[in-house]
Structure formats: structure tokens, C-alpha cells
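Shown next, in C-alpha cells, is the structure this report addresses.
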Amino acid sequence: MKSRFLVAIIAFVAVSAVWGSTRLGALAPSDFPFYTWTACAIEDFLSNEQGRPQIDLVGSSLMLAPIGGVDADFTNAAVDAPHHHRSLYFENAFKKRTGESVKTFNFALPGEMPSDAYLMTKFLMKGEKRPDVIVYGVGPRDFLDNLLPSPSATDPYAWLSRFGDVNDRISLISPDWQQRMNYEMGRLIYPYGQKVDLTNSFGRVVASTLNKLVPPTNGGSPMSVRRVILPEYRNFEVANNECLFTPTTDANRPAFSDNIAEYKKRYKHMKWDTYLTQMRFMIDILNIARERKTHMVIVAMPITPINRSLLSDLAWDTYKHSIKVIALAKGATFIDMEGSGKFGLKDFSDTVHLHSGGGAKLLDILAEKLSADRAVMTALNQPAKIDDKSTTVAGLKGSLQ
Amino acid sequence: MLFNSLQYLVFLPTVFLLFWLLPHRARVPLLLVASYVFYMTWRPIYGLLILGLTVANWLLVNRIEKSVDKKKVWVGVTVAVNLITLAVFKYLNFGLDTIKDGLALAGVNWHEPHLHILLPLGISFFVFEFIHYAVEVYRGKPVVKSLIDFGLFASFFPTQIAGPIKRYQDFIPQLSIPAKFKWEYVDDGMQMILMGLGKKVLIADNLAMVVQAGFSHPENFSSLDLWLITYAFAFQIFFDFSGYTDIARGSAMLFGYKVPINFNLPYLAANVSEFWHRWHISLSTWLRDYLYIPMGGSRGGKWLNYKNLFLTMALGGLWHGAAMHYLAWGAYQGALLILHKEYSKGLEKVGVASKLLSSKLYHIASIVVTFHIVCLGWVLFRADDLNIAGKIMLKLAEAPQALAHFSSSQLAVLQIRDPIIFPSLVLIVPALMISHVVVNWLNDKKFYQSPPWAMQVAVMVILMCVLTIFSPDSSPKFIYFQF
């Protein structure tokens, strides 16, 4: 051979192939090197203690914040947010109306997009973990956030994509040629594709050796120190009892926080590609759920008029119309909390998130609507208490005309 | 476009293939177009800046050559055009801030206009290349006949952003040689590129985390920690910049072109003067040839020489960035060079036994002392401002006391177990220093002239493996890109 470099390339390809066949250094998908909100949720979801939840709650912080906050009030105890994955208040409200117990799992995560919910549904909510009902609370940001470079840029994607093959949706997940090239290189070159696992395996060996050689005194430096000196390092990592929902009452609830500047950035330039991609993932979720005989409930989450006014009429109408039509077409239940007129500014902690008081109202309405929905109750193997036309296909058809 | 990006992974092989497939006459135009594509991926409008400066310099320098009695005027105009461009883009806001601070001291409250000027990448480097060209033609060297050749000299993508600062007499003749493809271009070039990426991704980027933490929050670290972190920065900047230079030289080598070296084991220098012969060589020789010597150099007596030395280094410091701490770093280097001269003369005067000066022990002690003096300079260089640099320096001065009562519990880096680079620092810093010694020993043994074929292949395969595993999704920019 004339060239050292060519020989090196051939040797590298051979090493990579042999390495790939042995899968040396690969970790189990649930072997997390550190814990983020997503990692905590996945671990809890897969644990045997959870059993099989009948209702999975999915969505972004619009769902997460009220559910956690309400349970802190309901139990009168602080709730460790990343580790709290039930809605005790909803379970209680549902039982009050139906007399039957249901078990929930709250898979709502900060910043969760439909593309993330798709991976959750496809890879995790199946087999022994297949829920009877998925309640998906959506807001306009989930589809219209122009700060999201691509679906693969979220923390949920980083961990959820480990649980299955995303190849059939890769053109949506990695639309940019560099992301796509990165993905394809990962498929072709084993050490490149498994670099997260291999880096973590290597790091563990080094850490364990160092811990033996030079044990840290007093258990080492706490994460709070690292947060100060390296704020960018693992910025999604979350420690136990770091994010708490504490019990509040109307009297001591924190004042309304104006987060409109953040949303101005998010809605500054409409990216219709992002919108279409995320809508496509919502359709995929509905399709997968239908195939698995899981009933879907799409909830248009309430937001404040201040926040809504940031969106053009075109963007807003397209969003509202699409989710309703898609839910209808796929046989899902659609609940329009946003258009219900039951939520006012006093129910919100900022321009989009309900506080625990507003959250309790939301969960009460949700329990009422679900217990009255024949499709939901059938999925749960329970009789419907009232037949509420507004959430049925016939009712929706009427509302669209 | 960054060298450590997927864009470059596509760009470089594409240009390489086209270059060798095309006939010789089309190669320079191809590289010129490629270089502008490379530059304009960052901010297309700044392609006009480099184009405008190239054409202006080419025309002006032709005037220098043709002029009989106004050469000095034309060279002055050329240098002024380049320096004014550099000043506008790099120093205008700094100048306005300095005036504001000066007026504030005099009790005048002036709201200076803040101009949103984005520093064009590589401007400090190509402006220095233009000045070198103008001065050399003024001194009687021939002009570059072809605008395309000259355009490539200015914009050649491997060296465009952070050097090495080329000399046109070395570069331009290479363009006219109708080179035939040789596998050794690929072998040597790719070996350099892989080594450079390894230095950057595996060493510099990891050390960067510790350095960032230490220099942003010195209050969280002890005196001994800060020494370790300062050593870490010394190696970070070396591996970052020499890694960049290796990639630049390797990329140029793929086309059969040679660009100058920039480093020669700088931390084995036995004095500060020697350090500057080993560190950022293309800059230090530029400063010598186009600043120090034109100012008078060592002519005109001791004090004039010292003034020239001091000003050269202070301006060299300011070249790195429009900030007081860079100026202070340059001034510190100038002062050290003067002190070194005085020290050397002092030794000669007192007649210290030459046997002692040439002993191994004295040489090793000199290297250790020089390394620490250089490291103190790096504190000025790396700190965000002089205030933080001062705080770190004061804490570093507590080291003797800390060493007298040493216990491992003094080291906060040992307590931070994640990222693992923190406790690893106590092993990595000595290992990097030893690597300097080993490389030097291998150099002495002429190992690199003909290393075993199998070993070269093995090193490349290992580097490919570790780079694919440890390459982060987004590696920080090279430090010298900001200058």
C-alpha cells in the first residue's frame, strides 16, 4: 500500500466494525450518566414499582407546573418536582366522580415538544407499560417555538432516542445537513455512534480509579458549587430536592411573573417548517396510540390573552384549528380548555403557566370531562357517567361547522 | 468555518479532490474561491473587507515598487490603510472606553457612542501579512505579479483565521510549481491534522473547563488550586493554538504547500528570550522585523534598545486584544526581556563560573523558573480584566505559606469529582510537562525524521478512534480565533 493514511483508514474501519459487533462499552438505554428531568421521568416510568399506569399525562411545563403545584397543595407537603410523576389530585378528583381508582403517570417535561412526546409514546408506552389513555396537553409554543433549532436539540430527545430507532423520522428530526451527516456517521462508525456511552464508560473507570487512589473528603464538593463555577456544564442536570413545588394558598401564592419577553423571542419569526414538523409528530402520536388501542385526549391548554396576542391571527387560528381537526380525524377526544372561558389571569403564575389554584381548576374540569367521555371510559373499562357531546366526534363536528 | 466542524470535514476533502483533479493553472483560482467560501460561511459581507484590502494593498504596493522618489510616502500610506482598518474594527470601542475612563478621572462625565462593530475573523493576521508585504517591497524585494496569487496569499484558508503569519517570499513561489500528487502530502498532512485535532479536542477543550471555572470564580479555589489552574491554562493555550497550527499546516500540506511553524516546545525555554523564539514564532519574528527593527532595534544604546523592546512587546500584547490586560501582559513580557538582558549582563560582570551556568542543574532550574514566570504572565492574559488578574496574583503569592502546611484537603480540585478533569489535573499537568521533555528527547534522537511506518499507522488509528469517541458535539472555538 502506498499510503500510511489509507492503511490507517482501512484499519480504523476494521476496528470500528469489530468493535461494533462486540458492542463493547455500550450502556443500557436507561443507564443514565446523570439525571435530568427526562432521565428521572424515564427511570420512574420503567421502574417496576410504578406498575402499569392507566392514564399517562403528557405535555410541556404547561402541564407539569399545575400538576406538581396542585399535588403540593393537595398533600400539604413539598413535592420534589423531577421525581413526582403522578397526579394525586386528579386521581382523587376522578375517583370522586366515578368511584373508581385510576393510576396516572405524569410524563410532562419542561420544554417537551410533540417530537419528544412521539418518542415517549413510540418507545416507552407499549407492552406492559401501555396506558389505556394518554392525555396530551398542548400549547402554541409546542408547535411554534422558533428558538428550537431542531427536534433533536431537546433534553428529552437526547435520552428518549436511546430507546429505539429514529431512522424512519430522521428527515424531520435532523433536517439540517450537518445534523443528518452526524446521525449517518453515528450509524456507520460504531465508536462515533456510541460516543456518549463510551465516554461515560471511560469516565466511570477513571472516576472509580481516582476515588480509590484519592478519596474525596466529606463526600466531595456538592453540586451547588459546580453550578456556580461551571454554570454551562450539564445544564439540564437536576439534583434531588433542587426543584420543589411547595404548598401554597391564595394568600401566600407568589406574585404574577411577567415572562412575556421570553415568548416574544420564541414567537419573533414564525418558522412554519417547525410548525409542520411538530404537527406531523402529533399525528404520529395519534396513529401509534390508535394502533395500540390507547385512547388519546388532546387538551388545548389555557394561556393568557397577553401571551396569545404575541401570535398573529394566522398563526393562532392555524394552531387552534389544526389540533382540533387532527384530534377529530384520528378519533381522539378534544378538550378546549383555552376556549372554555373558565380561566382568567388570576389563575396564572405567568403568561402561560397556571398556578396551583388554576391547576386544581384544570384537573377538576379534566376529571369531569374524562369521566363523562364514553371513549375514555371504555378505554379504562369503566362506564361513562355522563355523555358530554362537546368532546365527542359528533360534538366536535358541530363545533367546526 | 471551524477546523473542528463537520462543515470542514466536507469542505477540505472536496477542495482537495478538485485541486488534484484540475490542471495546474486552475488550482490557484480554485483555492482562492475556496478560501473566500471558507471565510464567507461566517459572515458573507466580510468577504468584501478581505477582498477590498487585498485589491487596495496590491495596487498600493505596486505604486511603492514603481515610485522612484516617493517610496516612503507610499509605504506609509499602505501601512496606514492597514492599521486604520485594524484600528476601526478592533480598537475603536476600546479607544472610546479609554477616553471615557480618562475623562471620568478628570471628573468629566462623557457618554461615549458605543459602536456595534463585529471583529472580522483573522483581521489581525492578514493585516500583518499585508504590512509585511508592503515593507518587503519597499526594502527592494519583488512585487507579486498576479493579483490572484496575491489574493490567495492573503486569504489562503488554512492560515486565514489565526496564522501562522506567512512570508510572501516563501509562499508565492510554491504557487507556481506544477506539483504532482504525492501520497506523502496526504500522509503528512493528515497526520498533522489528526495530531492537531487531538491536541484541541482531547487536551485543550478539557483543560478549558477547569480554567474557565478557576478564572471566573477564583474565590472558590485555594492558592495551590490556582497554581494548578494557571498551569492548566498554560497547557490549554499551547495545545489549543499549536493544535490549530498543526491543522493549518496539515491542511496546507494536502495541497503540497508548506507554511511556517509556530511552536517549538516553548515550555522548555530556559529564559524569556528563548521562550519568544519558541512561542508563536511567526508573530515574534514579525514583531522583530516590522516593529522592533524599524523602531531602531538594538541600535542607539541600552535605554533606546530597552524602550524599543518594551514598546514592541506592549504593542504585541495589545495586538492580541483591545483590553488593558492584554496590554499589561505585553508590557510584562517586555519588562521580562529587559530584566533578562540585565540579568545576563550581571552574570557576565560578576563572573559567575561558566561551569555552573552550563550545568544541567542550572539549565533545569532555569526552565522551571522561566515556566513559572511565563505562567504568571498567562494570568494577565487569561483573566477577564486586571482586577481579577490582581486577585488571582495575590492568591498565588500565598503559595509558599500553603505549601508549608500542605494537605490534600487544600485542593478544591480534588473535591470536585464531576467533571473528572478537576481531580485529574494533579496527574495531567505533570504528564503534559513530561510530554514536552519526551518530545524533546525524541527530537534529539531524530525520531520524527523517520518514525517506524507501523507506528505512524497505529498512532493515526488510535487518534481516529479517540477523536470519534471524545469529539464533543460542539467544541469551543480556538482561542486565537478571537484575535
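The values are calculated or read from the model by the stated rules, or taken from the named source; none is laboratory data. A quick note: this is a predicted structure, and the numbers were derived from the prediction, not measured. As a convention, Cβ positions derive from the backbone with ideal geometry for all residues, glycine included, and neighbour counts pool all protein chains shown.
Residues are listed down the side, and each one gets a yes or a no for (1) touching a residue at least 12 places away in the same chain (Cβ under 8 Å); (2) closer than 30 Å to B:Lys307 by Cβ:
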{"site": "B:Glu342", "(1), (2)": "no, yes"}
{"site": "B:Lys345", "(1), (2)": "no, yes"}
{"site": "B:Glu348", "(1), (2)": "no, yes"}
{"site": "B:Ser358", "(1), (2)": "no, no"}
{"site": "B:Ile367", "(1), (2)": "yes, yes"}
{"site": "B:Phe371", "(1), (2)": "yes, yes"}
{"site": "B:Cys375", "(1), (2)": "yes, yes"}
{"site": "B:Lys391", "(1), (2)": "yes, no"}
{"site": "B:Lys395", "(1), (2)": "yes, no"}
For residues that are closer than 26 Å to B:Phe94 by Cβ and either under 21 Å from the mean Cα position of the chain (by Cα) or charged (D, E, K, R) (or both), tally how many sit in region B:290-330.
26
Could you tell me whether B:Asp246 is among the acidic types (Asp, Glu) and free of Cβ contacts under 8 Å to residues at least 60 places away in the same chain?
yes
Only one of (1) in contact with a strand residue (DSSP E or B) (Cβ under 8 Å, 6 or more places away or on another chain); (2) surrounded by fewer than 23 Cβ atoms within 10 Å (Cβ to Cβ); (3) modelled with pLDDT of 95 or more does not apply to A:Ala93, and that is (1)
When you check A:Ala394 against the structure, is it surrounded by fewer than 20 Cβ atoms within 10 Å (Cβ to Cβ), in contact with a Lys or Arg (Cβ under 8 Å, 6 or more places away or on another chain) and at pLDDT below 95, yes or no?
no
At least 3 residues that are more than 19 Å from A:Trp19 (Cα to Cα) and within 28 Å of the chain's Cα centre (by Cα) in each: list the helices (runs of 4 or more DSSP H) lying fully within region A:145-218 that qualify.
A:155-160, A:170-173, A:177-188
Residue satisfying all of: in region B:176-191; aliphatic (A, V, I, L, M) and at pLDDT 95 or above; farthest from B:Met455 (Cα to Cα) among these:
B:Val186
Restricting region B:248-292 to residues that are in a helix (DSSP H, G or I) and either touching an Asp or Glu at 6+ places or on another chain (Cβ under 8 Å) or outside the structural domain of B:Ile434 (by TED's automatic domain parsing) (or both), the one nearest to B:Leu318 (Cα to Cα) turns out to be B:Gly250
Might you check whether a residue that is surrounded by fewer than 21 Cβ atoms within 10 Å (Cβ to Cβ) and either in contact with a Ser or Thr (Cβ under 9 Å, 6 or more places away or on another chain) or closer than 30 Å to B:Val429 by Cα (or both) occurs anywhere in region B:150-158?
no
Can you say whether B:Gly47 is surrounded by 18 or more Cβ atoms within 10 Å (Cβ to Cβ) and more than 14 Å from chain A (Cβ to nearest Cβ), as far as the supplied structure shows?
yes
May I ask you to say which residue of B:Leu60, B:Leu22, B:Leu9 is within 14 Å of another protein chain (Cβ to nearest Cβ) and either surrounded by fewer than 18 Cβ atoms within 10 Å (Cβ to Cβ) or under 24 Å from B:Tyr168 (Cβ atoms) (or both)?
B:Leu9
Checking B:Lys166 against (1) assigned to a helix (DSSP H, G or I); (2) crowded, with 20+ Cβ neighbours inside 10 Å; (3) not assigned by TED's automatic domain parsing to the domain that holds B:Ala399, which single condition isn't satisfied?
(1)
Name the single residue, out of those in region A:217-247 being hydroxyl-bearing (Ser, Thr, Tyr) and more than 9 Å from chain B (Cβ to nearest Cβ), that is surrounded by the most Cβ atoms within 10 Å (Cβ to Cβ).
A:Thr246
Can you name every residue in region A:352-384 that is farther than 18 Å from A:Gly341 by Cβ, among the small types (Gly, Ala, Ser) and in a helix (DSSP H, G or I)?
A:Ser356, A:Ala367, A:Ser371, A:Ala375, A:Ala379
Only unsatisfied item for B:Phe221, checking (1) crowded, with 21+ Cβ neighbours inside 10 Å; (2) assigned by TED's automatic domain parsing to the domain that holds B:Val15, is (2)
Scan region A:193-216 for residues that are facing chain B (nearest Cβ under 7 Å) and touching a residue at least 60 places away in the same chain (Cβ under 8 Å) and report the count.
2
